[in-house]
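The values are calculated or read from the model by the stated rules, or taken from the named source; none is laboratory data. None of the values given here were measured: they were computed from a predicted structure. Cβ placement follows ideal geometry from the backbone for every residue including glycine, while neighbour counts extend to all protein chains displayed. We work out accessible area using only protein heavy atoms, side chains counted, and drop any ligands, DNA or RNA first. Shrake-Rupley method; radii C 1.70, N 1.55, O 1.52, S 1.80 Å.
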Amino acid sequence: MNRNILNFTGFAGGMILISSLFLLGGCDNLASDPQHQPPQAIGAADECHLCGMLIKKFPGPKGEAYQRGDSQVKKFCSTMDLFSYWLQPENQVNVQTVYVHDMARSPWQQPDDAHFTDARTAWYVVGHRERGAMGATLASFANREEAEKFAAQAGGKLVRFGEITLEMLSALSSPKM
Ligand code: CU1
Ligand code: ZN
């Protein structure tokens, strides 16, 4: 009787150990899987990873980024600050997933966190009249047609993710140059 209980305890202990090992391995897989780096809603207390401003208080598209294998999202007050971060050489290596608001799906003053889109495939309008948290900013859209429609109304020209440079950002910030 006693011996049976001991055997059972030993067996249960072994099972717990095995499940824990599976869990540890599982976490590792989850973290490196881009499926588990989803866009996150921006809360009233969330501060910009780059400039520290309260993100929610400002109009215009915001950005989010995850480092490779990380489950902790970094949030940005504007596409301007997202790209200032992304364009640092070390972040181009370390950052895995990047999101921007699709501004075709929500008003400029109040971007909707249900409509983030993959920043790498998005279309951007630069040199337009609308302002974001840091002043001039990149208007982001999931579809080319929506970006063109925006540019027809607010001015500016279309660029793709890979065409955006630090030089372009500083030219936007000081439009006289
Ligand atoms: Cu800011
Ligand atoms: Zn910022």
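Could you tell me the ratio Rg/Rh of the range 97-177? Both radii from Cα atoms, Rh via Kirkwood. Mind showing how you got there, number by number?
Numbers: Rg = 11.9 Å, Rh = 12.7 Å.
Taking Rh as the inverse mean 1/r over Cα pairs, Rg/Rh reads 0.93.
Report the label-to-label distance for Q96 and D112 in nanometres (one decimal), using points 7 Å from each Cα along the Cα→Cβ vector.
2.9 nm
Heavy-atom accessible area per residue, the range 34-173, 1.4 Å probe: how many Å²?
47 Å²
With label points built 7 Å along Cα→Cβ from the Cα atoms of Q40 and S173, find their separation and express it in nm.
Roughly 2.5 nm, to one decimal.
If each of R144 and L166 carries a label point 7 Å out from its Cα toward its Cβ, how far apart are those two points in nm?
3.1 nm
Compute the Cα gyration tensor for the range 34-173, then decide on rounded, prolate or oblate, letting a ≥ b ≥ c be the square roots of its eigenvalues: rounded whenever a/c is under 1.5, prolate when a/b is larger than b/c in the other cases, and oblate in all that remain. Walk me through the numbers before you get to the answer.
Working: a/c = 1.42, a/b = 1.29, b/c = 1.10.
Cα axes put the range 34-173 in the rounded bin.
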